[in-house]
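Trainee: Okay, handing you the structure first.
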């Protein structure tokens, strides 16, 4: 990825597919990550789509209900929706006394990079918004797609007229984590949706 400085809070990078993205680095300490993930899944579970998005695979899941359990154990945050659940290593991971985990493996598993991002079209206008976590080897742990004004509320249809109110969660996160309280024109400049 090549980089281009844009703003003191974010940097613009050229992704492997040739598209530009604005990356807003988030803190990776356990407390911050737990706070962020709890907020997204406890308060915004109806609005978000989540799963790993890697080259060749995109898991775009919707929560079937509000979380029935969110808790930490051995560095892993577990978020459950009844039976369906997932685990993310966001903290100190030791393993059990019978099966301790090496420091090297613990570093590999734990989130080492977290970011908010927006995907840009060829005119450098935002067309997709999200949050991503990566482990110590740079492998993606999860992407959380935020509501998109160019998609229907279920993210299953492209709309012809954007609903800019669907950027409320993005704007709230920018304000909370970066102190950016003013709307950014880049977020509302696209003239159509384009898929990354």
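No value in this document is a laboratory result; all are computed from the given coordinates. Note that this is a predicted model, so its numbers are computed, not measured. Virtual Cβ from ideal backbone geometry, glycine too; neighbours counted across all protein chains shown.
Trainee: Looking only at segment 58-80, filter to residues that are touching a helix residue (DSSP H, G or I) at 6+ places or on another chain (Cβ under 8 Å) and assigned to a loop (DSSP other than H, G, I, E, B); which one of those is surrounded by the most Cβ atoms within 10 Å (Cβ to Cβ)?
Mentor: 75
Trainee: Looking only at segment 81-92, which residues are within 13 Å of residue 68 (Cβ to Cβ) and surrounded by fewer than 13 Cβ atoms within 10 Å (Cβ to Cβ)?
Mentor: 82, 83, 84
Trainee: Could you list all residues from segment 16-57 that are surrounded by 15 or more Cβ atoms within 10 Å (Cβ to Cβ) and part of a loop (DSSP other than H, G, I, E, B)?
Mentor: Listed by number, the residues that qualify are 19, 28, 44, 45, 47, 48, 52.
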